[in-house]
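The values are calculated or read from the model by the stated rules, or taken from the named source; none is laboratory data. Since this is a predicted model, take the numbers as computed values, not measurements. Positions of Cβ are backbone-derived with ideal geometry, glycine not excepted, and every protein chain shown enters the neighbour counts.
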Amino acid sequence: MNNMNFGQAIEALKQGKKVARAGWNGKGMYLGLIKGRSLDRCFDPDSAPCVDSICMKTAQDTVVVGWLASQTDILAEDWVIVK
């Protein structure tokens with residue numbers, strides 16, 4: 001596993017890969033990119049279209065849509081691609 005910086009992790013997400021920080025404590029936690037068209041089904045078809053969003057699969061086996069990076073995440077060099 002090669003470590004990446006945050007920019008490289010974002011590029012991997014755009015390519016459809018899942019990423020995580022090697023230092024995250026939660027087992028099985030990772031980020032993925034969910035396409036806006038997948039979210040459109042959750043809303044009224046006449047509403048504004050949804051945009052792509054970063055989501056997190058949590059250690060509790062739930063998905064959080066709209067994950068935000070902390071400053072520590074942005075500056076970290078321990079991002080890895082999850083298989």
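All of Met4, Met56 fail the test of being surrounded by 12 or more Cβ atoms within 10 Å (Cβ to Cβ), modelled with pLDDT of 95 or more and over 11 Å from the mean Cα position of the chain (by Cα), apart from Met4. Taken over segment 25-53, the criterion of being hydrophobic (A, V, I, L, M, F, W, C), surrounded by 13 or more Cβ atoms within 10 Å (Cβ to Cβ) and part of a loop (DSSP other than H, G, I, E, B) is satisfied by Met29, Cys50. Is one or more of the residues making up segment 68-82 hydroxyl-bearing (Ser, Thr, Tyr), in contact (Cβ under 8 Å) with a residue 40 or more places away in the chain and not in a loop (DSSP other than H, G, I, E, B)? There is no residue in segment 68-82 that is hydroxyl-bearing (Ser, Thr, Tyr), in contact (Cβ under 8 Å) with a residue 40 or more places away in the chain and not in a loop (DSSP other than H, G, I, E, B).
Every condition in (1) at pLDDT below 90; (2) under 15 Å from the mean Cα position of the chain (by Cα) holds for Leu33 except the one numbered (1). With respect to being among the small types (Gly, Ala, Ser), at pLDDT 90 or above, surrounded by 14 or more Cβ atoms within 10 Å (Cβ to Cβ) and not in a strand (DSSP E or B), Ala20 falls outside the description.
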